[in-house]
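To start, the structure itself, in structure tokens.
Just so it is clear, none of the values below were taken in a lab; they were calculated from the coordinates. Quantities reported herein were computed from a predicted structural model and do not represent experimental measurements. We place every Cβ from the backbone using ideal geometry, glycine too, and count neighbours over all the protein chains shown.
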Amino acid sequence: MTATPGPKGSLLLGNLREFSQDMLGFFTRSARDYGDVVRLRLADRTAFLVNHPAHIETVLVRQHERFIKHRFFWSRVRALFGQGLVASEGAYWRQQRLLMQSSFNREHLARYTQIMVAEAEATLARWRDGELRDLHEEFTRLTLHIALRVFFSAEPTQRTLGLARAFTAAAEEIILRLRMPMPLPDWVPTAGNRRYLDAVRQLEAAVYAIIAERRRSPDVRRFKTERSDLLGALLAARDEAGRPLSDRQLRDEAITMLLAGHETTALALVWTWYLLARDPGAAQVLEAEARGVLGGRPAGAADLDALPYTRAVVQEGLRLYPPAYTIGREARAEVRLDGHSIPKGATVFMSPWVMHRDPRYYEEPEAFRPERWLGDAPAGLPRFAYFPFGGGARVCIGNTFALSELVLVMATIARQGRIYLTSDRAIAPRPLITLRPAEPINARFILRGSG
């Protein structure tokens, strides 16, 4: 059995300080210095960073039954996500996944794309030529509107528009919890716990209001209708005993899908436009494709296959700035990875941020090169050299939905103008629950032909 190398760290905290202060840099250095399997110590917890596509495939696919979502993280966010799809396990997770899968089929996707494009067009109509905008704020608003309409058939209100701010507040507190050797339970009345639980209550209030309004609707049982959506599927569902989902179950899934369905997509748009604004040549190619395919009409589902460069731009943005920058699992039993022993109870980290920048698989890995995704080039990549949506049985349920949204929103904007940054300064990423910019990314949208 191979002795697994790794950074030594301090006597008491091990590698927790470096992990907490600069997770992306720490993971990158660890992979570079110690190889495909790196042993870490985070205070009293044993962890491993896995940096090879074959090993990642073992964890997520080949031996996935030997791993669960790592409890160190999910135990600290239970008040927020409850038993929602991203946090649940076992038979309950399989039941919920099957229940929600139908909401993401091809039939529904065609209708969803109309909402995506309509909201993107409404955003452009609100932007004034040359007006200063914060990209994160703007794209969060856009994707939140899309998620509310697609998943819940709900129109945005002042309460629902506060969801993004409440989630940001919760995310700030969650990352602080992960950096503490011994986080305190939620019931301890610290300032941080109070901020976290207040944010959770705001999210709950908005979601429960949406659920209550739908329950009052006369067609709550009509899932197979043109207005069918995720909430409709959940309300119509019955367990083996014929019982509907409880309000708490509805709340958990609604919060999970609402946050997962808008936050990561907004960040993908932010980072991709940030990269494009720093590469005028790529922006020109994108604009030419959008104008050539769409002309003066709105985009639609039928255009997705006709926008290969737009898709390549999206894929490259997700490569360099994957919103889900790390994935964690906990070993339920000992697992061997290329001679390395992963003991029961250990946490395994797999980082798209690290793998997507590995020079073994990407020429000029730090460079923004959308053309690397055109033609047959992607076929030469190992399966898990690129995994922005995870993989295996727990691959993101909305991955096709998200890619379609990203491509159509990108094309809609590029058809009408270009986004210009107000500064050439590089913006650092900030790894919270998702990969956010460390500061506002301010930009101006210039309409085509206006200078």
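D by Stokes-Einstein for region 1-89, Kirkwood Rh over Cα pairs, 37 °C, 0.692 mPa s: 224 µm²/s.
Which peptide among 282-293, 237-248 comes first, and what is the full order, when sorted by highest mean count of other Cβ atoms within 10 Å?
Details: 282-293: 17.9, 237-248: 11.1.
Packing order, densest peptide first, comes out as 282-293, 237-248.
When the GluC sites (Glu not before Pro) in region 364-451 are filtered for DSSP coil states and for at most 14 other beta-carbon atoms within 10 Å of their beta-carbon, the remaining sites are GLU366. The mean sequence separation of alpha-carbon pairs under 8 Å and at least six residues apart, normalised by the residue count of region 16-447, gives a relative contact order of 26 percent. So if I take the centroid of the Cα atoms in region 71-126 and the same for region 15-55, what is the distance between those two points in Å? Region 71-126 and region 15-55 have Cα centres separated by 30 Å. Listed values for region 38-43 are Karplus-derived 3J(HN,Hα) couplings in whole Hz (6.51 cos²θ - 1.76 cosθ + 1.60, θ = phi - 60°), namely 10, 8, 10, 10, 10, 6, and x replaces Gly and Pro. Got a sec? Which residues in region 329-358 would a label at ALA3 touch, if it sits 7 Å along Cα→Cβ and we count backbone N under 15 Å? Inside the label zone: 340-341. Entry note, the chain: the mean residue ellipticity at 222 nm calculated from DSSP H runs of n ≥ 4, each adding -39500 (n - 2.57), is -15000 deg cm²/dmol after division by the residues and rounding to the nearest 500. The label-point distance for ALA302 and SER246, in a model that sets each label 7 Å from Cα toward Cβ, rounds to 4.8 nm.
Per-residue extension of 0.36 nm, minus the Cα-Cα distance of GLU364 and LEU381, leaves a gain of 4.6 nm for this segment. Sorting 344-356, 307-319 by average packing, meaning the other beta carbons within 10 Å per residue, from highest down gives 307-319, 344-356. Taking label points 7 Å from Cα along the Cα-to-Cβ direction, ARG128 and GLU155 give a separation of 2.5 nm. Between ALA428 and THR46, the contour length at 0.36 nm per residue exceeds the Cα-Cα span by 134.6 nm. When you count the other C-beta atoms within 10 angstrom of each residue and take the mean per peptide, 85-91, 419-425, 194-200 line up highest first as 194-200, 85-91, 419-425.
To the nearest 0.05, what FRET efficiency results for LEU11 and ALA79 with a Förster distance of 25 Å applied to their C-beta separation? Working shown, then result.
On the way: r = 33 Å, r/R0 = 1.33.
FRET efficiency, LEU11 to ALA79: 0.15.
At R0 = 25 Å, how high is the FRET efficiency between ARG179 and ASP33 if r is their beta carbon distance? Nearest 0.05 is fine.
On the way: r = 22 Å, r/R0 = 0.89.
That gives a FRET efficiency of 0.65.
Subtracting the Cα-Cα distance of ALA118 and ILE68 from 0.36 nm times their residue separation leaves 14.1 nm of extension gain.
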